[in-house]
Amino acid sequence: MEGTGHIAEGRPTSRLPALAIALLLAAFLLAPAPFGKPAAAAPKKVLTVATNGSVDSLSPFLAQRVLPTEVHRLVYDFLTNYDPKDDHAVPAMATSWSPSPDKLTWTYAIRSGMKWSDGVPVTARDIAWTYNLMMTNKDAATANGNFVANFKSVTAPDDSTLVVVLGKPQATMLALDIPVAPQHVWESHVSDIGTFSNDATFPIVGDGPFILSAYRKDQYIQLDANPGYWRGRPKFDQLIFKHYANQDAEVQALKKGEVDFAGDLTPAQFNSLKGAANITLNNGDGKRFYALAINPGATTTNGKPFGDGNPALKDPLVRQAIMEAIDKPALVNKTLGGFGVVGQGYIPPIFSTYTWSPPATETVGSDPAKASQLLDQAGYRKGPDGRRTTPDGKPFTLRLYGETQRAEDAQNATFVKEWLDAIGINVSASIVDQATVGDNETAGNYDLAFDSWLVNPDPDFVLSIQTCGARPATAGGSFPGDNFVCDSTYDQLYAAQISEYDAAARAGLIKRMEAQLFTDRYVNVLYYPNTLEAYRNDVIGSMQMQPQPNGIYDGQDGYWSWWSATPGAAASSSSHVGAWAVVAGVAVVAVVLAAVVLLVVRRRSTAQERE
Amino acid sequence: MSGSLARSLREYRNHRAGVVGLAALLLFVALAVGAPLFVTARDLSAVYAPGAPRQPPSSHFLLGTDAYGRSMLAVTLWGARISLAVGLLATMMSVGIGSLTGIVAGHFRGWVSTLLMRVTDWFLVLPTLVLAAALASVMHRGIVTVIIAIGLTAWPGTARLVRAQTLTLEARPYVERAKALGAGDWHVMRRHVLPNLTPLILAQTTLSVSAAILMEATLAFLGLSDPTKVSWGTTLQLAQQVGAVSAGDWWILLPPGLAIVAVALAFTLCGRALEATLNPRLEGKG
Amino acid sequence: MSAAQLAELRHTFALDKPVVVQFGDYLLRLAHGDLGVSFQYRTPVLRLILEHLGATVYLVGTATLLAAALGLWLGARTAWRRGGAADRANTAIALTLWSVPTFWLGLILIVVFAVGVGPIPGLFPTGGISAPGVTGIFPVVADRLAHLVLPCLTLVAVLYAQYLLIMRSSLLDEMGEDYLTTARAKGLRDTEVLRRHAVPNALLPTVTLVFLQLGTVVSGAVLVEAVFSWPGLGSLFYQALTVPDLPLLQGLFLFFSASVIVMNLLAELLCPLLDPRVRTG
Amino acid sequence: MTPALLEIADLRVTYRSASGEVPALRGIDLTIEAGQKVGIAGESGCGKSTLALSLLRLLPRGARATGRICFEGEDILTMGWGRLRAVRWSEASIVFQGAMHSLNPVRQVGSQVLEPILLHEEVEQAEARARVSRLFEDVGLAASTAHAYPHQLSGGQRQRVMIAMALACSPRLVVADEPTSALDVMVQAQILRLVDRLVTGQGIGLVLISHDLSVLTSTCDRVAVMYAGRIVEEGPAAEVFAAPRHPYTAALVAAYPRIGDETARGKPGGLAGDPPDPQRLPAGCSFRPLCPVAVAECERLDPPLWPAGAGRQAACIHLRPSDVR
């Protein structure tokens, strides 16, 4: 009589769709096993790099963020490149160059036989067109306009000669980091150059070692090897920058082999990868300095003061006291886990040409007793509660700003606050978003702020931001500078180095600038964080570091690492990707099937149970 | 009054989950209040941190150390103070706003009520996190901002409940009589409606705290709190920023996370038991 | 980008004006259907939203459907067998998962199921929506599904509890009703009584509440997408928060609110289909 | 000898509650022959509805039933669930009191009538639908009513739907639990006539449960009077009410003439108190505290049903046969 129950409307139909879906799913997911590796013919060798950078634009005229800038280095050739060993300028599009005796005219010989990826020859005219567009069109100057600001004219008298005429002598003429765009492609985009983001049709016409072949926002950027590249074809067939919103996921992906390279690791992540199978670690010198900026009192270019920076900071003794209280080696050990170099000069030691360190007698820090004594001397007396007051009797309080997104700021703020507290200076620390820090800095409303810059092989830019001219023209206006520093000695040295075409002499001048910055103590370099990287040595056999021997792979000033990378034993067509996806897919199906079976069985067995 | 309180207590005791939740809650509050007894300023100092950074649990550091080398046990204990304080203060704010809106909307009919309920409905459907995050990101960064952001976004649920209950209460004969005798709006709301709403508001408060604690952790994770203050949320944010997740430093990830789960769960259990005690119709739903 | 560069950029986009002035400008432009331009991406906000919408609908849609199905099913079962061991266990699990911070659960799932702990192999990808360079229909489908599992699981885990609790209490309200005794007297199986008679009656209050809670879905999506690098609106919001990119934040806020409100309007249209009493009443 | 349609023997039902076991039925014996119409009378709380529910084993969880309910020789209480489901509705159906709540509010009434037909019989959809139309006409409803939802119908119409539903599978027995109590008097009479006509016409056994003696007298062949979970008197309907042999029946009859007085509904007028709390039943005869003719021995003896004239029995000490001590 159980049979009567089966006639119930709807009952058999309710189980059928579930089974149907499960079977369909099974079919979908089990099928890839036999078809998983299609076309056995020559599997592509793919190098996947994890990145958490975002892309503001793929247009070489607009992109300012690190990731697209790195991609442009790979897909567009530049006038010159930097040597992988020691960063000195080496030929790229230009094979040779010479400045005129008056230092104002540079003539470059342009390599012949180069081709754009659509077959059109690359000539000096493309370079001239690109530079001229940046000189005449404000939108086109968005990303790299600072390089051409001093250019009077750029001409290509023939296909293999480029002539640049300068307004003033400029020592950075071999460090023009400007991607050169193909004139025949970009001419039609001049009208919308400010908005065209160069991601409409792929592959994108370029002339670098790689060709940009696909891009999905916040997912990946795919580059194919350019077989016709003049320096030689890259060894990997494809280079993929895969986006991860969080850094931990990158490390996990590397461990599993979802990606082959992960850069910008934290000390914790770096340590955790020690001893991991098939992982090679690189503890390279960093290109970044990390500093504590002390507000000298904001002023405009014509000296008008504004903002509410604490006037006490104008007293060199106070600034020195602050720096005496800070224990830089402790920051390197605690915040960086030892992966960094204690800060000295303005330029990181990776750029050995410009490295400066203070004489032993001038080394400061880690001396709270001396700090206290200096403050006493300057008239900032300790009250009975241990807090100091300014000479006119007000409580001595400093505001410290840091950025949420820079992980080290919160930690360093905690340390600095404790150290300054110990010598009686009250510190209120605000770790806030970048925009708020920017607003406060622009308005001059801060006392202390953490500050960090990536330095290029030619340090001109980071030097320029500390000149008087880099201050804002009007109070509260935006400004190219950093900390309202204005020191005439420094400015004279800056002017001298930019027109000094002798490399050694220029380096000497720059070191003197660093010394001046150090004694001023407005921009105090706390440390240079090392660059921590890791890659899968089963996929990447070898690649070139820049500089050598303690350089880096990702974020180089050339394209050496990705261009030179040789495939290792396990490198092949994203097989590691496909394989586990199938395994995971099968696992999903197994679980679903098991659940369905369990359900059906249970339903059967409960048919006779109590309702 | 004390008789009904005793009866409520007896009723409450019948809800085993509620009793467990209450016990857990009392323990957490005791630990948070008593934290200064076990944790000194030095234990929380970054400069004078007693251990090496990110050490796994040992006999000396039962839960290991965090990225500064501070004992995770001390950090988790101390974190309870800010997490609980933020949770409670934000809830007081949201329940305050919600109750006021609810009573006013329930007492005054007509356009006042309509307007208030429109606003409430609007806030009710808005995604709370998005609203709170947007608020926190435009205001000055800090713990107070977090409290305000949560308080300003979490109230509409309470407002609706309180309004419904107010409508019921105002229909009761003694309130009608009071109104007929010429009692003013303020008098009716304060003397007749509010006292009878107290149990409901209490239950609602208890239920809201867990949401507020979760929200605090979430906002901290999104970098919208003050990372120099030790709370469970900022501890997790720090853990993630230094890469503790991929380093597999489970002792940094688990204590604050589990603490959040335990406290949120404890508040939820208490709230549900309270609700069931006060509203027997819900019996068996616990 | 340095703080100063950022300030310059924000100046270009008039973002350094007082917030009130900006908001006024914004409303004015909004009236013309213009959501503004993200200064972080240099792209119109509307275009950014449309570009990221698909990924979010794919993840959140799947997760919400699964969570609703699981929650409603378990809620119905637990209410039907209230007080039993299964009821208590299910309610306890649901309440616990409800108390778990979404982002934390995501991180733990990554550690356990994407990296692998002890004997558990790291089967699933750590993030993203798909692996680049996968070709062929079956590998692509497998790859997509594999990427979907963990974020979807996280979202389902934190969302299903509320559906379970709502369904459970709606159904408990129906439990004493006479029509259920009638249905049983007709000789229907217990499960049929539940499915054909009890559940349809409990569905109306459930659906109403489920739609009212859509805001929590959006919140969950923001966190899950941020943790799993899912290229959707949630990640976009997370990116916008860190700067903060106000035009993008405003646009996303508007979009999230509008979609939740629209969904609620849809729910009001849906109600008469579920309950004839609403239809005529 | 063919078994009786329904034979209830020593049926006892207890509910489990927080404060212990509560007896609801305390040993019911009742036999119904095929086609017979039996009424059950008694005031609220006497166990009438429990009896109705236990006939198809519909008691809520937490209730325990012992004894026997033999339906055509098969014991309902011990049969397998599959068999029980097959018996439900196809052999015996129930019309519940308050049709307001007994119909599913979100389904069309036609489909609710259709449901048991499709469940129990192997028929085509179309044929089943045709039968639903016929059933609707039989109970005096337009066939189009099938597409209505319960809230669109009046109380009388809903009760007609319930009756149509009860008859859908041509059962051998219909249990009607207070089928008319929620309806106004005019409609009550129509519904009763309808039930009577249909049941008599198809030879269906009927158990009619009501507190309304006139309803029982006009419809039933036999009646059983219940008090505190037991049958206290049983016999031909007309005789039992004309000449009650049990003091409770007498009180019930005496109270009855006041038709339409809601407060007096089902409460015998001559009694100075409420029926006993089922958890604290007095020793001996449970009616003793209210009984006008109680004697000392009633405190010790709970009398069984003793013969009380032709085809009649009652449970009163005054009817004790001389051979029983």
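The values are calculated or read from the model by the stated rules, or taken from the named source; none is laboratory data. Since this is a predicted model, take the numbers as computed values, not measurements. Cβ sites come from the backbone with ideal geometry, for glycine too, and all protein chains shown count toward neighbours.
Side notes on the structure shown:
- Number of the exception - C:A89 against (1) over 28 Å from C:S169 (Cα atoms); (2) modelled with pLDDT of 85 or more; (3) surrounded by fewer than 21 Cβ atoms within 10 Å (Cβ to Cβ); (4) more than 10 Å from every other protein chain (Cβ to nearest Cβ): (1)
- Screening the stretch B:79-98 for residues that are small (G, A, S) and farther than 20 Å from B:L116 by Cα and picking the one that is surrounded by the fewest Cβ atoms within 10 Å (Cβ to Cβ) gives B:A85.
- Answer from A:F261, A:F270 - the residue that is in contact (Cβ under 8 Å) with a residue 40 or more places away in the chain and away from chain B (no Cβ under 14 Å): A:F261
- In the stretch A:273-295, the residues that are more than 12 Å from every other protein chain (Cβ to nearest Cβ), in a loop (DSSP other than H, G, I, E, B) and farther than 30 Å from A:E441 by Cα: A:G275, A:A277, A:N278
- Some residue of the stretch A:218-233 being within 14 Å of chain C (Cβ to nearest Cβ), buried (at least 17 other Cβ atoms within 10 Å of the Cβ) and outside any strand (DSSP E or B): yes
Yes/no matrix, rows are residues, columns are (1) crowded, with 19+ Cβ neighbours inside 10 Å; (2) over 17 Å from D:S111 (Cβ atoms); (3) hydrophobic (A, V, I, L, M, F, W, C):
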residue: D:S154; (1), (2), (3): no, yes, no
residue: D:R160; (1), (2), (3): yes, no, no
residue: D:A168; (1), (2), (3): yes, no, yes
residue: D:R172; (1), (2), (3): yes, yes, no
residue: D:V175; (1), (2), (3): yes, yes, yes
residue: D:A182; (1), (2), (3): no, yes, yes
residue: D:V187; (1), (2), (3): no, yes, yes
residue: D:L192; (1), (2), (3): yes, yes, yes
residue: D:V199; (1), (2), (3): yes, yes, yes
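- Test: residue in the stretch D:71-90 that is over 14 Å from the mean Cα position of the chain (by Cα), within 10 Å of chain C (Cβ to nearest Cβ), of a type outside the set (S, T, N, Q) and part of a strand (DSSP E or B): yes
- Residue match in the stretch D:31-52 (condition: more than 21 Å from D:D221 (Cα to Cα), out of contact with any Gly (no Cβ under 9 Å at 6 or more places or on another chain) and within 14 Å of chain C (Cβ to nearest Cβ)): no
- Out of A:R288, A:R319, sole residue that is touching a Lys or Arg at 6+ places or on another chain (Cβ under 9 Å) and either in contact (Cβ under 8 Å) with a residue 40 or more places away in the chain or among the hydrophobic types (A, V, I, L, M, F, W, C) (or both): A:R319
Residue-by-condition table, conditions (1) over 20 Å from A:L313 (Cβ atoms); (2) surrounded by fewer than 19 Cβ atoms within 10 Å (Cβ to Cβ); (3) not assigned by TED's automatic domain parsing to the domain that holds A:D460:
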| residue | (1), (2), (3) |
| --- | --- |
| A:K334 | yes, no, no |
| A:G340 | yes, no, no |
| A:T361 | yes, yes, no |
| A:S372 | no, no, no |
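- Filter result (in a strand (DSSP E or B), under 20 Å from D:L192 (Cβ atoms) and under 13 Å from the mean Cα position of the chain (by Cα)) within the stretch D:202-248: D:G205, D:L206, D:V207, D:L208, D:I209, D:R222, D:V223, D:A224, D:V225
- Any hit, the stretch A:504-512, residues being modelled with pLDDT of 90 or more and in a loop (DSSP other than H, G, I, E, B): no
- Among residues of the stretch D:128-159, those that are under 22 Å from D:D212 (Cβ atoms) and either in a loop (DSSP other than H, G, I, E, B) or under 18 Å from the mean Cα position of the chain (by Cα) (or both), counted: 4
- Only one entry in C:L74, C:L107, C:L95 is outside any loop (DSSP other than H, G, I, E, B), touching an Asp or Glu at 6+ places or on another chain (Cβ under 8 Å) and not polar (S, T, N, Q), namely C:L107.
- Residue in the stretch A:165-177 that is in contact with a Ser or Thr (Cβ under 9 Å, 6 or more places away or on another chain), assigned to a loop (DSSP other than H, G, I, E, B), among the acidic types (D, E) and modelled with pLDDT under 95 present: yes
- Positions within the stretch A:420-438 being in a helix (DSSP H, G or I), surrounded by fewer than 23 Cβ atoms within 10 Å (Cβ to Cβ) and either out of contact with any helix residue (DSSP H, G or I) (no Cβ under 7 Å at 6 or more places or on another chain) or facing chain B (nearest Cβ under 10 Å) (or both), in sequence order: A:D421, A:A422, A:T436
- Test for B:L238: is it in contact with a Pro (Cβ under 9 Å, 6 or more places away or on another chain), surrounded by fewer than 24 Cβ atoms within 10 Å (Cβ to Cβ) and within 11 Å of chain A (Cβ to nearest Cβ): yes
- Subset of the stretch A:47-94 [closer than 19 Å to A:D207 by Cα and acidic (D, E)]: A:E70, A:D77
- Counting only helices (runs of 4 or more DSSP H) that fall entirely inside the stretch B:81-170 and contain at least 3 residues that are more than 15 Å from the chain's Cα centre (by Cα), the qualifying elements are B:111-125, B:128-138, B:156-170.
- In the stretch A:80-98, the residues that are on the phi > 0 side of the Ramachandran plot form Cβ pairs under 6 Å with partners that are buried (at least 21 other Cβ atoms within 10 Å of the Cβ) and part of a loop (DSSP other than H, G, I, E, B), at six or more places apart or across chains, as follows: A:D87/A:P457; A:D87/A:P547.
- Residues considered: B:L253, B:L269. Of these, the only one that is in contact with a helix residue (DSSP H, G or I) (Cβ under 6 Å, 6 or more places away or on another chain), crowded, with 24+ Cβ neighbours inside 10 Å and hydrophobic (A, V, I, L, M, F, W, C) is B:L269.
- Count of residues meeting criterion [in contact (Cβ under 8 Å) with a residue 60 or more places away in the chain and facing another protein chain (nearest Cβ under 8 Å)] in the stretch C:219-229: 7
- For the stretch A:489-507, a residue qualifies if it is within 12 Å of A:Y354 (Cα to Cα) and surrounded by fewer than 17 Cβ atoms within 10 Å (Cβ to Cβ), and the qualifying residues are A:A503, A:A504, A:A505.
- Residues in the stretch C:115-130 include at least one that is over 17 Å from the mean Cα position of the chain (by Cα), facing chain B (nearest Cβ under 10 Å) and buried (at least 18 other Cβ atoms within 10 Å of the Cβ).
- Residue list for the stretch A:179-196, filter: away from chain C (no Cβ under 14 Å) and in a loop (DSSP other than H, G, I, E, B): A:P179, A:V180, A:A181, A:P182, A:V190, A:S191
- Residues satisfying the stated conditions in the stretch A:487-518, i.e. over 16 Å from A:F461 (Cα atoms) and touching a residue at least 12 places away in the same chain (Cβ under 8 Å): A:D487, A:S488, A:T489, A:Y501, A:A503, A:R512, A:A515, A:Q516, A:F518
- Filter result (aromatic (F, W, Y) and under 14 Å from A:K103 (Cα atoms)) within the stretch A:134-169: A:F151
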